[in-house]
Each structure stands twice: as structure tokens, then as C-alpha cells.
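Everything on this sheet refers to the single structure shown next.
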Amino acid sequence: MGMISRVRGRIRSDSFSKIHTLKSEDKIANIVWLLSLVLVLPYWAPRGLLVALGGAWLMAAYTCLVVPVLISANYHYPARWWPDAVKLAQKMCRRLERPVSCALGVVRAAYAPVDRAEKLFLQMSNLSTMIGQLLMFTACDRLFVSQGRLTCLYSLMFYNVVTYSVSYVRELCTKEDWSPYVNVTRHSRVKHLAMSATKIVLEWTKAVTFIVTVTFVLLAFGLEQGLEHYKPTALYTLFTGTYYLLTERTFLELWPLALTAMKFERLEGMEALYFGVWARGVTTALALPLVPALAWCERWRLALLLLYVNVIVHGRHRLGEALGKLNEACGSLARFRRATAAELSTLEDVCAVCLGVMRSARVTPCAHFFHADCLRRCLAASDRCPICVRPYIFC
């Protein structure tokens, strides 16, 4: 009996010690959680308490010192109610999954006509681009220009003149047929008088228009006649100029050529795809911060229009389309490994598709080397090697 009583007493003492330990750990965990909640309150203070007291540097220093301590303390002393709360939240999400999916289906069905209208709007490329530019320029006019009136229209007109001049110079540089005459047929030497006269008149009209336009712009900016209300600031010119250069079709065709001339091996000849993503991302990023700024200035209509057209419509559709094309191209090439520098140095050969020098290449399973972009175009037409016509077999 004495032994039994001693065993019972030991069991009771151990169990009570464990209970006391659990209670003390629960108290510590609750205290740590409450202290963490108190230390996080400055982030939710109105108008940024830390920023108002010491600026952004104080906020950064406070974040670097306090947040790691909070994370480590909550990791060492986790609250016992936290797993139960997570399980309850997961259970509620599973219960709400079906109603939420039904509601999302209704929203998608209601939004489907609007989505079709957005795609139809974007198919009218010139109109949608011009409306986006007008909204962006008007927003910059309201935010960055204090006294100027119609600065956005003046700027858009000036940028369009520059675009016309650049496109005409590009046409002259890339023109191959300088003959003013038009033959009756391709292999005939008989001149078509009516078509030849029309071609001559059109070419002279383009040249005269180009000269008159450039002269008028130079005189207008040199004499400053009629530009008393045109007062763009440096920030205004930076925003509008960058946006215009990344949305106008003439420049969108020229920038990939400039990237190709720089010969970045990392891009693997897909400069057009990469630049499409960069251009859409930058234009969306330029328009996004202007929305809250316009709302702060109580220009709600312009803020909503800019948010919908330049951020949601252009960003979602055009940026999504560019990202889809790039991801598709990278996914089709992911199976083929990159050629090493040693392999390229010993190869001393050209790409069999474009006959260009290979500074970077992809290797097929049959040990043939191609430019990444050339291989991507071949994969779009056939799933066989362009040289040995064997199907690709990956181990």
C-alpha cells in the first residue's frame, strides 16, 4: 500500500507540474501576441505616425529592428489558439467555396459583354492608343502643370509631328525602289502613265508635307508664337514622353531593332517579345500612381477613367497578351538546353535556319545547334529537327 501511494503521489506531482508548465507557456504566448499587436499598431496609425515623427528612415529602422524580433518571439512561443483558428478558417473557406464559385460565375457571365466590348475597343488599335494617350496626358496636365491650359493637346500634337517625321525618315532609309514610274506588269518595261503620275504626286506631297511640318514646328518653338499657355514641366515631359514612346506604333517597331543592334545574348533573339512585356509593364506602372494622386486632388471622373482605360483595360489585356506570348516562347524552349561557351567556341558554324553567327544557341537532343528564336519558329511549324528531320526525344 505504501508503494502504491508513493507511485500515485509521483504521478500527481508530475501531472500537476506539466499542467503548470502548459499554463505558464500559454501565458507567455498570449503576452507575446499582445505585445506584438501593440508593436504593430504604429503601422496602422493615421497618416503614418513614424513617418510623421522621423520620416521614412525611422520607419525603415523600426521595421528592421522590430519585425524580426516579433517573428522569432511568436515562433518560439506560439499561441495554442492559433492552429485552431487556422483550422476554423479553412473549414469556413471550404463551406463558402461553392457559394463563392457560384457568385463568381454570375459575375463572369455579367462581365462577359463588357469583356467583349473591351477586346473590340483594343482591336481598334489607333483609336484605343489615342484615347489612352489623351487620358494620360490630361492627367499629367492636371497634376504637373499649374498654370498651363491645353498643354496636353499641344504636347500630343508635337509628339505626333515628331512621329510623322521619324516614320518618313525611316521610309526613306528603308526604301529600295526609287524609280518614279510604275510598270504595267512586273516583268514589263511599259510605263503605266496614270499610276506613274499618281506615284510622283504622292511622293512630292509627302516630301513637301514633311518640310512644311518641320519648318512650322521650328518656327513655332523658335518664335514662341501662340504658345503662351504651353508651359510643360520636366516631370510632365518625362511622364508623357515615356508613355508616348512606349505606346506609339512607330516607336514600338523601332525599339526592338535598337535592342537587336545591342546584341544582348541573354535575350536570345526574342527582343520583340521581351520589349512588348517591358513596354506594357512600364506604361501601366506610369498610369497607376496617377490614379490616387487624381483622387487626392478630387478629380474623381478622370481618376476612374484613367484607372479603367489605362490600367485595367490596357494593362490586363495588352500586358496579359504580351506575357502570354513570352511565356509560351520560353516554355517551348525550356526543353532545350543552352549551349555553353566552350561548345560555341569549338563549333565554328552558323545557324542552319538564318545562316547567322551563333553567339548563343540552344541544343536539340540530336546535338544540333540553333538560335533560340529560330528554333522557336521551327517548333511552331513542326516538332522535328530542321536538319535531320527526326522527332525530338528527351530523356
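The numbers here are math on the coordinates, done by the rules we state, and not lab data. Given the structure is predicted, the values throughout are model-derived calculations rather than measurements. Please note: Cβ atoms are built from the backbone with ideal geometry, for glycine as well, and neighbour counts cover all protein chains shown.
Across the alpha-carbon set of region 122-333, the Rg to Rh ratio works out to 1.06, Rh being the Kirkwood radius. Each residue of region 317-395 gets 107 Å³ once the volume of the Cα convex hull is shared out per residue. At each listed q (0.09, 0.16, 0.17 Å⁻¹), what is the log10 of I(q)/I(0) that the Debye formula gives for region 239-394 modelled as equal alpha-carbon point scatterers? Log10 I(q)/I(0), no solvent term: -0.42, -0.91, -0.98. With a ≥ b ≥ c the root eigenvalues of the C-alpha gyration tensor of region 234-306, is it rounded (a/c under 1.5), prolate (a/b larger than b/c) or oblate? Judged from the Cα gyration tensor, region 234-306 comes out prolate (a/c at least 1.5, a/b above b/c). Which pairs, out of Lys175/Lys199; Lys175/Lys206; Lys27/Lys87; Lys119/Lys325; Lys175/Lys325, put more than 24 Å between their alpha-carbon atoms? In this structure, Lys175/Lys325 exceed 24 Å between Cα atoms.
Only Cα pairs under 8 Å and 6+ residues apart enter the sum, and on that basis the relative contact order of region 337-381 stands at 34 percent.
Which of rounded, prolate or oblate describes region 89-154 when judged by the alpha-carbon gyration tensor and an a/c cut-off of 1.5? Judged from the Cα gyration tensor, region 89-154 comes out oblate (a/c at least 1.5, b/c at or above a/b). Each 5 Å bin, from zero up to the one with the longest distance, holds this percent of the alpha carbon pairs of region 337-381: 5, 25, 37, 24, 7, 2, 0.
A Förster distance of 41 Å, applied to the separation of the beta-carbon atoms of Phe394 and Leu257, puts the FRET efficiency at 0.75.
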